[in-house]
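The values are calculated or read from the model by the stated rules, or taken from the named source; none is laboratory data. None of the values given here were measured: they were computed from a predicted structure. All Cβ positions, glycine included, derive from the backbone under ideal geometry; neighbour counts span all protein chains shown.
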Amino acid sequence: MRMITEVYLLAENRLLREALVRLLSKKGDVRIVGASAYSPAVHDDIIAARPQIILLDSNGLASSRSTLISTLNGAIPNLRVVMVDMSADEETFLGAVRAGVVGYVLKDASALEVAATIRAVAAGEAVCPPSLSLSLFRFVAQQAPVLNTQSWRSDFGLSQREQQMVGLLRERLTNKEIAARLNLSEQTVKNHVHHVLRKVGVQDRARILEICPLE
């Protein structure tokens, strides 16, 4: 037996709102607990209904100036937001993700697709159209910080000996070669290398050069 997912529908367009209520109400595992256009008072209505999912359109997100999601997330634990938008616009999509949307479907999606997105999001998944997934990957890649030589030491909290190990690992030296260079036992070197990899957050010593760039 499927669990019931309670949904609050927030859409400026009345025809869209009524159509979604009608279509989703036919799904045995989706219960509409409220439907309205955006207004400052809608926050209280949604909090009182305590839905698992908010289904909203881009107009509702724009009208709330992106404060709606943050306000409701603070009031309703584990609330998740699905957005239905007009077109596959990259800027709108990324703006929705930044605001806290975790499910994104286009307005030409079928009722089955909308219901499937609601179920997936309620189960803890994130959903977006395949045509927009590349935009998301590209956005994340652009936000990734590029570590410079001065930053990686403090960022990873490496000791002076561990920083020395990083330099020797960048020379592609084996544990035995490092031990000979520093007059240490191989086991001591192995322990230092293990600590370096754990602090830097990689399993492969070959990736040290990527994470801790050359001076």
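Run down Gln150, Gln163, Gln187, Gln203 and say which single residue is assigned to a helix (DSSP H, G or I), of a type outside the set (A, V, I, L, M), modelled with pLDDT under 80 and surrounded by fewer than 17 Cβ atoms within 10 Å (Cβ to Cβ).
Gln150
Matching residues to (1) more than 25 Å from Ala19 (Cα to Cα); (2) more than 16 Å from the chain's Cα centre (by Cα):
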residue	(1), (2)
Glu91	yes, yes
Val105	no, yes
Ser110	no, yes
Ala126	no, no
